[in-house]
1. Sort through LYS182, LYS246, LYS228, LYS174 and tell me the only one that's at pLDDT below 95, over 21 Å from the mean Cα position of the chain (by Cα) and farther than 18 Å from GLY43 by Cβ.
2. Considering only residues that are within 22 Å of the chain's Cα centre (by Cα) and part of a loop (DSSP other than H, G, I, E, B), look in the stretch 258-302 and name the one that is surrounded by the most Cβ atoms within 10 Å (Cβ to Cβ).
3. Would you pick out the residues in the stretch 220-257 that are outside any loop (DSSP other than H, G, I, E, B), surrounded by fewer than 20 Cβ atoms within 10 Å (Cβ to Cβ) and touching a Lys or Arg at 6+ places or on another chain (Cβ under 8 Å)?
4. What about HIS133, is it at pLDDT below 95 and outside any loop (DSSP other than H, G, I, E, B)?
5. Which pairs turn up if I take residues in the stretch 114-139 that are in the same structural domain as ASP98 (by TED's automatic domain parsing) and look for partners that are part of a loop (DSSP other than H, G, I, E, B) and polar (S, T, N, Q) with beta carbon separation below 7 Å, at least 6 apart in sequence or on another chain?
6. Given the structure, is THR94 in contact with a His (Cβ under 9 Å, 6 or more places away or on another chain) and assigned by TED's automatic domain parsing to the domain that holds PRO81?
7. Just one of ASP242, ASP252 is more than 13 Å from LEU308 (Cα to Cα) and in contact with a strand residue (DSSP E or B) (Cβ under 7 Å, 6 or more places away or on another chain); which is it?
8. Only one of these conditions is not met by LEU102: (1) modelled with pLDDT under 95; (2) in contact with a strand residue (DSSP E or B) (Cβ under 8 Å, 6 or more places away or on another chain); (3) surrounded by 17 or more Cβ atoms within 10 Å (Cβ to Cβ). Which number is it?
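The values are calculated or read from the model by the stated rules, or taken from the named source; none is laboratory data. On a predicted model such as this, the values are computed, not experimentally measured, just so you know. Quick reminder, even Gly has a Cβ in these numbers, built from the backbone with ideal geometry, and neighbours come from all protein chains shown.
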Amino acid sequence: MMICMLKVFGHISPDTDTTCSAILWAWYLNTHTSQKAAPFVLGKLNKETSFVLERWGVSEPELLESVSEKDEVVIVDTNNPQELFPNISDATITNIIDHHKLIGGISTKGPLEMTLKPFAATATIVYGLIGEHSEKLPDEMAGLILSCILSDTLCFRSPTTTSHDKDVAEKLAKKLNVNIAKYSEEMFSAKSDVSDYTDVGLIHLDSKKYSVGDKNVRVSVLETTDPKTILARKDGLIGAIDSILKEEKDVDDVLLFIIDILKEEATVFTYNDFTKGIIAASFGVTVGSDMEVLPGILSRKKQIAPVLVLPKN
């Protein structure tokens, strides 16, 4: 009997957690079950993710450009249809593994397995799902899980960090003889090198769409230890936003947050009346220029997306 090859992938604009969680789940299925699976990504990898894969000697997943009704898939690190192929419901979705809130909008052909847990990284959930096999993880798979947790928690700085995330990371770091602070610094240094990204590329590097009232807003986040380099490109980035809005007819505007990992603050571009209004209403600040600094804001998932509201007329 022919066994169908499952396609495992996460969201568009792949980051470390979505890429490595797909690799991890496909590895688990292939090595510890009768199911055959292959990991994929839905876009170009960022530099942090490329660094992580090279560090642990893991091949980059193939690019997946579409799905059809013939495909059986597992979705990791998202359940938001705006972050997937427009026809994602045509595929047979067998499993969703995610750490975001339930969005709705995906229709499945039948019952499925679904695991949503409030951990900082999807890889933390995968670690739990593989059960007893987590005790004998190959170093490269343990390294991927560790990397995902450190990436999504910003080395435990993010308010999304749970004690379980930290426990898993510390356990794996000990197994691998990895200094967490030093390794995180290496990851964030790779993430912060944006010299060869275009302005449009930077905005799309880590970007998700959200419905805010009757508006559809693209929220882009750039996490860096060198915010000055990005802020120096402000005029070009604002011009790139204008270009994106002309192309993406389903997006009303773009909010671009530059997250300073070390200072633990975000700078958001407030370049027009709409962005000024939504930032003022959402964060309770008075916006008087084309940039606003928001102390303590590090997490799009927990501190940005949940609070976004439109200003009252």
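1. Going through LYS182, LYS246, LYS228, LYS174 in turn, the sole match is LYS246.
2. Here the answer is LEU298.
3. Matches in the stretch 220-257: ILE244, ASP253.
4. Answer is yes for this residue.
5. Partner pairs satisfying both residue conditions: PHE119/THR162; ALA120/SER158; ALA120/THR160; ALA120/THR161; ALA120/THR162.
6. No: the conditions fail for THR94.
7. Just a single option satisfies the conditions, and that option is ASP252.
8. (3)
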